[in-house]
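Take a look at the structure set out below.
Laboratory data are not the source of any read-out in this text; all were calculated from the coordinates shown. Note that this is a predicted model, so its numbers are computed, not measured. Glycine also receives a Cβ, built like all others from the backbone with ideal geometry; neighbour counts cover every protein chain displayed.
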Amino acid sequence: LEDYEKAAKALEGIPAAERSGDLAAASYVLADCLIRTAPARAEDALQDNMLREKLLAAAGLLDAFVGANPKAEQTPDALLKLGYCHKRLGIQLAPGNERNEALQKARAAFERLGNEFKQSPLVGAAALERAKVLALQGDRGNAINALRAFGNDPLAKSPPAPLAMIYLGTLLREQNQPDE
């Protein structure tokens, strides 16, 4: 029903210790609710704090879900969302160790999805997000190389391939390589 606040309250009623077996997906769904109710952007300190709080909580829930259910049907999506949470946290943070750590965790989640779930339809999205994280880390050369992989199969057939090519063009222009 897209009432994420109400769903989150109901899911928070399930004790963390009982979120296993048939209730294992409770952490995954609760994390999804937290991500969806997080502010789109933080325009003041209150929203920044709320965004960080929700993203950190969601990341913790997703990390616990993936750790407890490494082969579950939802694990690839959980890894994508985990990387997304860490990436958004890294964007919010000032340059420094904390930001680098958040971006490294995001990159690791995206790489894990690509390495462990090669047949997942989310591999293309993970590859695109990994390239964006590389660019955020200042590694534009490797980001460009990662995006060039979208010119070949199997990534060329993935849904985010057009977005990857647009982002590749943007990075190439930033590197004064508009012809390429």
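Brief remarks on what is shown
- Taken as Cα centroids, the range 35-77 and the range 122-163 sit 22 Å apart, rounded to the nearest whole angstrom.
- Ellipticity at 222 nm from helices only: DSSP H runs of n ≥ 4 in the chain, each -39500 (n - 2.57), divided by the residue count, give -22000 deg cm²/dmol.
- Counting lysine pairs in the chain that sit 8 or more residues apart in sequence, or on different chains, and whose Cα atoms lie under 21 Å apart gives 20.
- Whole-Hz couplings from phi, Karplus 6.51/-1.76/1.60, listed for the range 149-163; x for Gly and Pro: 4, 6, x, 10, 5, x, 5, 5, 9, 7, x, x, 4, x, 5
- Annotation: average projected area of the range 1-86 is 5.7 square nanometres, based on the convex hull of Cα atoms across all directions.
- Residue with peak Gaussian network fluctuation, the chain [Cα springs, cutoff 10 Å], from Asn152, Asn69, Asn142: Asn152
- Of the GluC sites (Glu not before Pro) in the range 50-113, the ones in a loop by DSSP (not H, G, I, E or B) with at most 15 other beta carbons within 10 Å are Glu73.
- Length-normalised contact order of the range 11-164 in % [C-alpha pairs under 8 Å, at least 6 apart]: 15
- Here the Karplus relation 6.51 cos²θ - 1.76 cosθ + 1.60, evaluated at θ = phi - 60°, turns the backbone of the range 114-124 into coupling constants of x, 7, 8, 10, 4, 8, 5, x, 8, 4, x Hz, with x for every Gly and Pro.
- Overall Cα dimensions of the range 69-156, principal axis frame, Å, largest first: 36, 33, 14
- Residue-wise HN-Hα couplings along the range 94-100, as the Karplus relation 6.51 cos²θ - 1.76 cosθ + 1.60 with θ = phi - 60° gives them from phi, are 6, x, x, 4, 5, 5, 4 Hz; Gly and Pro carry x.
- Here the Debye sum runs over all C-alpha atoms of the chain as equal scatterers in vacuum, and log10 of I(q)/I(0) at q = 0.08, 0.16 Å⁻¹ comes out as -0.28, -1.02.
- Among the trypsin sites (Lys or Arg not before Pro) in the range 93-180, those located in a DSSP loop and surrounded by at most 16 other Cβ atoms within 10 Å of their own Cβ are Lys118.
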